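Trainee: Pasting in a structure now, in structure tokens, and then I'll have a few things to ask.
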Amino acid sequence: MLSYSLLAGWSVPGLAATADWQRIHSPQLQYDLQYQVIPSPGYQPGDPVLYVTDGAWYADPGQLPELIQQLRHENKIRPLLLVLVDARDPADLSVNRRHQQFMCNQQYAAFFRDTLLPAIQTQYQPSTARTDRVILGLSFGAINAACFGLLLPNQFGNLAMQSPGNKDHLAVLTKLYQQQPLLPLKMSLSFGTLNDNLGAGRKFHQLLQKKGYAVAYQEVRFGHNWHNWQPLLDDVLLHFFPATTKASTDN
């Protein structure tokens, strides 16, 4: 786990300027969304891909693109393709649609499956293996990651969930995972110990363990904020994209 203050001092000049937001229309949702794609150093077609909801937040203040650059520079993770997906209306960034999109919204899942993933495949040719795709999110975005495990198990084999909330939605997810047979999913799950739905989160984690899921679980002494989430991002990247991992052939 990296120090938040340490990473704050790491910068890659011009990084944000090298990747523009691209607009894409979703027939499923009947509106436009925007996304940004950042290949890591050394990226080649066939490498794994990390999809991130609340992508603008993960770029700043999350500093995820800079962290990937750093870990690649240190040869700690594989080359990968980073796809930042923005829940805001590209025509009016003050309008955030995340609450409508993220709670197991089948239309949002269909947008990923039938529109966004094919567009990324055409543009950048990342691996098509479900085991080489990760979906990452925080808070409601982490709820979405858990939902994708149920709605899109053939597309996403890896779920990275930071502080899924709120407790009522966690209760729903716990029930949904209880009712489903064990799926071939690899997960990371984390919570803060201060005002971060920890009780409901522990119940969700316990259910996942009981079902037999492989879960990398962490609790940190922070709240529902970036002091919790940002220092854990290196653990997420090292868990899903370790440098020693060979390319998957599962399609």
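Trainee: Kindly provide the helix-only [θ] at 222 nm of the chain, computed as the sum of -39,500 (n - 2.57) over DSSP H runs of four or more divided by all residues, to the nearest 500 deg cm²/dmol? Intermediate results must be reported in sequence, preceding the final value.
Mentor: Numbers: 11 runs with 90 residues, N = 251.
Only helices count here, giving -9500 deg cm²/dmol.
Trainee: Let me ask something else. Once amide H atoms are built 1.01 Å from N in the peptide plane, which residues 5 or more positions from SER188, or in another chain, come under 5 Å H to H?
Mentor: Amide H neighbours of SER188, under 5 Å, 5+ apart: LEU159, ALA160, MET161, ALA216.
Trainee: If you don't mind, there's one more thing I want to ask. Which percent of the accessible heavy-atom area of the range 80-230 goes to carbon and sulfur, probe 1.4 angstrom?
Mentor: On the way: 2980 of 6020 Å².
Result for the range 80-230: 49 percent of the exposed heavy-atom area is carbon or sulfur.
Trainee: Taking only Cα atoms and a 10 Å spring cutoff, compute GNM fluctuations for the chain and point out the largest among PRO61, PRO41, PRO181.
Mentor: PRO181
Trainee: Under 10 Å, Cα contacts only: if you run a Gaussian network model on the chain, which one of PRO48, PRO79, PRO27 comes out with the highest mean-square fluctuation?
Mentor: Greatest mean-square fluctuation among the candidates belongs to PRO27.
Trainee: Efficiency by 1/(1 + (r/R0)^6): what FRET value for LEU182 and ALA216, r their Cβ-Cβ distance, R0 = 30 Å, to the nearest 0.05?
Mentor: Numbers: r = 17 Å, r/R0 = 0.57.
It comes out at approximately 0.95.
Trainee: Shifting gears a bit: With equal scatterers on the alpha carbons only and no solvent term, can you work out the Debye log10 of I(q)/I(0) for the chain at 0.11 1/Å?
Mentor: The computed values of log10 I(q)/I(0) come out as -0.53.
Trainee: Using the alpha-carbon centroid of each, what span in Å lies between the range 191-216 and the range 223-239?
Mentor: 16 Å
Trainee: Any idea what the alpha-carbon Rg over 2.2 N^0.38 Å comes to for the range 66-183?
Mentor: Numbers: Rg = 15.2 Å, N = 118, 2.2 N^0.38 = 13.5 Å.
So the range 66-183 has a normalised radius of gyration of 1.13.
Trainee: Also: Separation of the range 45-83 and the range 93-142 by C-alpha centroid, Å?
Mentor: With the range 45-83 and the range 93-142 each reduced to a Cα centre, they are spaced 15 Å.
Trainee: Quick one: ranking HIS224, HIS99 by accessible area, 1.4 Å probe, largest first, what do you get? Before the final figure, lay out the partial values.
Mentor: Details: HIS224 70, HIS99 105 Å².
So the residues, ranked largest to smallest area, are HIS99, HIS224.
Trainee: Most mobile of ILE24, ILE135, ILE143 per a Gaussian network model of the chain (Cα springs, under 10 Å)?
Mentor: Result for the chain, Cα springs under 10 Å: ILE24 fluctuates most.
Trainee: Given a 1.4 Å probe, how much area per residue of the chain is accessible, in Å²?
Mentor: Roughly 43 Å² per residue, with all protein chains present.
Trainee: Between LEU238 and ASP89, what is the spin-label point distance in nm, taking each point 7 Å from the Cα along the Cα→C-beta axis?
Mentor: Between LEU238 and ASP89, the simple spin-label model gives 4.3 nm.
Trainee: Hey, got the Cα dimensions of the range 141-251 along the principal axes, in Å, largest first?
Mentor: Computed over the Cα atoms, the extents are 41, 34, 22 Å.
Trainee: Could you work out the percent of alpha carbon pairs in the range 128-167 separated by over 13 Å, rounded to a whole number?
Mentor: Working: 343 of 780 pairs.
Looking at the range 128-167, the distances longer than 13 Å represent 44 percent of pairs.
Trainee: Enumerate the lysines that LYS76 could reach by cross-link, defined here as Cα to Cα under 22 Å, with residues fewer than 8 away along the same chain left out.
Mentor: LYS186, LYS246
Trainee: At a Cα cut-off below 18 Å, give the aspartates and glutamates reachable from LYS203, other chains included and same-chain residues fewer than 8 away excluded.
Mentor: Filter leaves ASP168, GLU219.
Trainee: Given a Förster radius of 35 Å and the C-beta distance between ASP168 and GLU74 as r, what FRET efficiency does 1/(1 + (r/R0)^6) yield to the nearest 0.05?
Mentor: Details: r = 41 Å, r/R0 = 1.16.
Computed FRET efficiency for ASP168 and GLU74: 0.30.
Trainee: Report the longest stretch of the chain that contains none of the trypsin sites (Lys or Arg not before Pro) sitting in a DSSP loop with at most 15 other Cβ atoms within 10 Å.
Mentor: Working: sites that count: LYS76, ARG221, LYS246.
Longest gap between qualifying sites, sites excluded: 77-220.
Trainee: What are the ³J(HN,Hα) couplings of the range 89-102, residue after residue, when phi is run through the Karplus curve with 6.51, -1.76, 1.60 and θ = phi - 60°? Round to Hz, x for glycine and proline.
Mentor: 5, x, 7, 7, 5, 6, 9, 10, 9, 4, 5, 6, 7, 8
Trainee: Sticking with this one: Per-residue HN-Hα couplings for the range 214-231, Karplus 6.51 cos²θ - 1.76 cosθ + 1.60 at θ = phi - 60°, whole Hz, x for Gly and Pro?
Mentor: 7, 10, 8, 10, 9, 10, 10, 8, 9, x, 8, 7, 6, 5, 7, 6, 5, x
The values are calculated or read from the model by the stated rules, or taken from the named source; none is laboratory data. Since we're looking at a predicted model, the values are computed, not measured. Note that each Cβ is placed from the backbone with ideal geometry, even for glycine, and that neighbours are counted across all protein chains shown. Calculation scope for accessible area: heavy atoms of the full protein, side chains included, ligands and nucleic acids excluded. Shrake-Rupley method; radii C 1.70, N 1.55, O 1.52, S 1.80 Å.
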